[in-house]
1. R0 = 35 Å: FRET efficiency of residue 7 with residue 202, Cβ-based, nearest 0.05?
2. Cβ neighbours within 10 Å, averaged per peptide: list 112-120, 37-45 in order, most packed at the top.
3. Roughly speaking, what is the stretch gain from residue 82 to residue 180, that is 0.36 nm per residue apart minus the C-alpha to C-alpha distance, in nm to one decimal?
4. Along the charge dipole of the range 9-57, pointing to its positive end and built from +1/-1 on Cβ of Lys, Arg, Asp and Glu, which listed residue (50, 9, 39) has its Cα farthest out?
5. Give me 30, 73 ranked fewest to most by other Cβ atoms within 10 Å of their Cβ, as a rough exposure proxy.
6. With a Cα-only, solvent-free Debye model of the range 53-125, what are the log10 I(q)/I(0) values at q = 0.19, 0.25, 0.26, 0.27 Å⁻¹?
7. Amide H of residue 115 versus every other amide H placed in the peptide plane: which residues, excluding those fewer than 5 positions away on the same chain, fall under 5 Å?
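Here, each number is a calculation from the coordinates, and none is a lab measurement. Keep in mind the model is a prediction, meaning the values are calculated, not measured. Virtual Cβ from ideal backbone geometry, glycine too; neighbours counted across all protein chains shown.
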Amino acid sequence: MGEIEPVGGQTRSVDVRVVAATNLNLENEIRQGKIREDLFYRLAVVPLEVPPLRQRREEVPLLVRHFLRQYSINRQLGIKDEVIITLQQYSWPGNVRELKHVIEAAVRMNEDHKIRLEHLPETILSPLDLPASGSGESAYEPAALFRLICREGVSVADVVRELERELIEMALQRTGGNVSRAAELLSIPRSTLQYKIKSYRLA
């Protein structure tokens, strides 16, 4: 219970509870001076940490069935076991919101009585893979990377930049140039990806 005074208005009593959410590490943000420490302690009364969906994949079947009930109110709609398994194997860069949208789209586009693999988006059926070298060894395996770094004139920073450039290029190809979707695949903010695309001259 407290009081507020709107600008140009009169003081009035309010009974509210503030819920704030972020995907940032607030302690790091405070150390970097990006967030005021006093604000953090005003908000952090009962802090709750919710791990990303990729770290709690055992919850995927429960969430899938919850969203299935939510979006298929007027009909009985099941889901194949292989679909559940595929959804559990996906990394979910967009977290629970992405899963919710996938199920909603599958329900709305489904004319059958079960959700099957063909009702899932291509990004889930064929997740972003690292390319392999011509010799059959992944170009990004530790041994191959070490040999590359040991070449004269090649630094760790050079290798990291090249890996990042190739991954961004692959993500853009996979999403047909959709920057927002590519940012989700790479689990980075869209603004960061836009900057890197310009930096690597990929646009």
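1. Details: r = 47 Å, r/R0 = 1.34.
Computed FRET efficiency for residue 7 and residue 202: 0.15.
2. 112-120, 37-45
3. Working: separation 98, 0.36 × 98 = 35.28 nm, distance 2.81 nm.
32.5 nm is the gain from fully extending residue 82 to residue 180.
4. 50
5. Details: 30 16, 73 8.
Least to most surrounded, the residues fall as 73, 30.
6. -0.69, -1.24, -1.35, -1.46
7. 78, 79, 80
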